[in-house]
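Okay, structure first, notes after.
The values are calculated or read from the model by the stated rules, or taken from the named source; none is laboratory data. What you are looking at is a predicted structure, and each value in this text was computed from that prediction instead of being measured. Please note: Cβ atoms are built from the backbone with ideal geometry, for glycine as well, and neighbour counts cover all protein chains shown.
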Amino acid sequence: MGWASIITALRYSVYCLEQTRYPTLIKMSESQDITHEHELELQEAGRAKTILLVDDRDFERFTIRAAVEGLTNFQVCGEASNGVDAIKKAQELKPDLVVMDLAMPLMNGLEAAAVLKNAMPGLPIVLLTLYADQLHGPQSSAFGVETVLSKVDGLGPLLECLERMLGPSGSL
């Protein structure tokens, strides 16, 4: 990612965060996956619950990561750019929750959610998509999706949803 892209992403992140009820303080962390052992150590130490981000656009993952890690105490444990990688990463990293886009290459979010629900029945999955208005409750829940949120609504509803599903994070 070049400097121009990073600056644009940061500006958009700040704009999105200003649209939420959260302060606009952003802390950036490295985009490296943490190991399952490290994740267990963090949880045992009373730190963060973990989230796997799945979206085919780097910019979307970057923005969501900035909001989650900058405004909550939740930790993004990994990222995937398609449904196939999401399944592998979820089984490897064992996140507490998955935030997934619908329209992705190789395997879409609903198909990946169905596979994940079979393999990891207790794993909550949030679908964050531009097509939320086209998905109805029974349709998405049949695939194992707990909540469908629209990207158009900004990051506020996502952060509120994460706190509802994972418990209060002690927002910064």
Hey, can you tell me all the residues within segment 133-152 that are surrounded by 13 or more Cβ atoms within 10 Å (Cβ to Cβ) and either over 27 Å from Lys94 (Cβ atoms) or modelled with pLDDT of 90 or more (or both)? Ser150
Scope segment 29-59; condition touching a Leu at 6+ places or on another chain (Cβ under 9 Å), within 21 Å of Leu159 (Cβ to Cβ) and at pLDDT below 90; matching residues: Ile34, Glu39, Ala48
Within segment 89-103, does at least one residue satisfy the condition of being buried (at least 23 other Cβ atoms within 10 Å of the Cβ), modelled with pLDDT under 90 and either of a type in the set (D, E, K, R) or over 12 Å from the mean Cα position of the chain (by Cα) (or both)? yes
